[in-house]
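A.B. asks: Supplied in structure tokens, the structure appears directly below.
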């Protein structure tokens, strides 16, 4: 079967879903999101159904050309000067829109920027809720406690799982580019460490092994360490791993290297974030205990008190956004689920808490994706995939009755 290569800006699944939903939702939206050339089509398509009152661009993933293009098309944008400013300004900016316009409003965001602000937003009856995209944001909302607005999270959906399997390769692709351009080096033979063996850590390890880099894994969860061991990877305690590794990739989504671990980082090691924002490494501790030198726009050098040093790529923010992060029609799935989650908040009264995106949305996105990108499925209208999950239930029931009937016949034949 031929694989259909498409331009990343061709969001065919999302286009079909937007057309299906129509253009009069009666709701506006605010997008707190990555603004790259690959996301412009998403923003414009959402704007057809949910007029975009404001785009708040994530500072480390904002392409100025794309921002200017959105502004030229009449979409208001705001680019914070830093991640810290994004957290400070996001809530007040949304509140300002709610106070100036009575139109029902939904926010779609990536990273929990409104996690500490939901009580204030709940005061407005026309605020309909938040759609969250990332694990980092999901954890932030959970940590913030209870909420008086509905929050639909797709961070742990099966659609998001698919994206996580390709993030690792995008991280290592960008890392390899910087190695070549800044260090005149390649990844082959480089002793690598992956901290965090979740979905992204797993895909990062696979990408490194594919580039002939020996990989050692550490995870704070002992069962994940064991899983890595049985998947053919070397495992080691954190301090040992840091002392032995030339490349260290943080994939925890939280903080993988803190102040107490700084002395153990191998001389001339390179640290890379595969996570969100600038949280993977304790940059405040790095500044306090080391002397920082900006080697280039891509590379910071930290010198420790003993004279040894290490390098940090992309200012500690996710390195894959240097090259537009994830590409291809996997983006079509992610954007489509986000869009349907926005639709869900506009169409239904949801519980006032954080909740996972529902199975119906996952199925609708996946079935539409198969129909568009895999012609074999489109040409098989009676395949069980189109009736999932009902087809699974009927298959299980059918199997149960067959087994029961077989057991009954065997018993009576004795």
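Readers should treat all values here as calculations from the given coordinates under stated rules, not as data from a laboratory. What you are looking at is a predicted structure, and each value in this text was computed from that prediction instead of being measured. FYI the Cβ positions are ideal-geometry reconstructions off the backbone, even for glycines, and counts take in every protein chain you see.
A.B. asks: Normalising by the residue count of region 80-178, find the relative contact order in percent from Cα pairs under 8 Å and 6+ residues apart.
C.D. replies: 23 percent
A.B. asks: Would you compute, from DSSP H runs of 4+ residues alone, the mean residue ellipticity of the chain at 222 nm, taking -39500 (n - 2.57) per run and dividing by the full residue count, rounded to the nearest 500?
C.D. replies: Calculated from helices alone, the mean residue ellipticity at 222 nm is -13500 deg cm²/dmol.
A.B. asks: Pairs of alpha-carbon atoms within less than 8 angstrom and 6+ residues apart define the contacts here; what relative contact order does region 164-323 have, in percent?
C.D. replies: It rounds to 21 percent for region 164-323.
A.B. asks: Continuing with the same structure: Count the DSSP beta bridges whose two residues both fall in region 164-323, then state the antiparallel fraction as a percent rounded to the nearest 5. If you can, show how the numbers build up before the last one.
C.D. replies: Numbers: 10 of 28 bridges.
For region 164-323, the DSSP antiparallel bridge percentage is about 35.
A.B. asks: Sort region 60-173 into rounded, prolate or oblate with this rule: let a ≥ b ≥ c be the square roots of the eigenvalues of the Cα gyration tensor; rounded if a/c is under 1.5, and if a/c is not under 1.5, prolate when a/b is larger than b/c, oblate otherwise. All intermediate terms of the calculation are to be shown ahead of the outcome.
C.D. replies: Working: a/c = 1.87, a/b = 1.18, b/c = 1.59.
The shape class here is oblate.
A.B. asks: Over all directions, what mean area does the Cα convex hull of region 164-323 project, stated in square nanometres?
C.D. replies: 8.1 nm²
A.B. asks: Out of the DSSP beta bridges found with both residues in the chain, what percent are antiparallel (nearest 5)?
C.D. replies: Rounded to the nearest five, the antiparallel share is 20 percent.
A.B. asks: Could you list 348, 12 in order of exposure, starting from the residue whose Cβ has the fewest other Cβ atoms within 10 Å?
C.D. replies: 348, 12
A.B. asks: Using Cα-Cα distances under 8 Å and only pairs 6 or more residues apart, what relative contact order does the chain have, in percent?
C.D. replies: Reported as a whole number, the value is 16 percent.
A.B. asks: Here's a follow-up. With the chain treated as a Gaussian network of Cα nodes joined by springs under 10 Å, which of 59, 158, 389 yields the largest mean-square fluctuation?
C.D. replies: 389
A.B. asks: Using the 10 angstrom Cβ neighbour count as an exposure proxy, how do 199, 384, 301 rank, fewest first? Before the final figure, lay out each step's value.
C.D. replies: Values: 199 19, 384 12, 301 16.
Arranged by neighbour count, lowest to highest, 199, 384, 301 become 384, 301, 199.
A.B. asks: Compute the separation of the alpha-carbon centres of region 162-213 and region 272-342 and state it in Å as a whole number.
C.D. replies: Computed from Cα coordinates, the inter-centre distance equals 13 Å.
A.B. asks: While we're on this one: Using a Gaussian network model on the chain with a 10 Å cutoff between Cα atoms, which of 232, 26, 91 fluctuates the most?
C.D. replies: 232
A.B. asks: A further question on this structure: Cut-off is 10 Å between beta-carbons; in what order do 288, 277, 367 appear when sorted fewest neighbours first?
C.D. replies: On the way: 288 10, 277 24, 367 16.
The fewest-first ordering by Cβ neighbours comes to 288, 367, 277.
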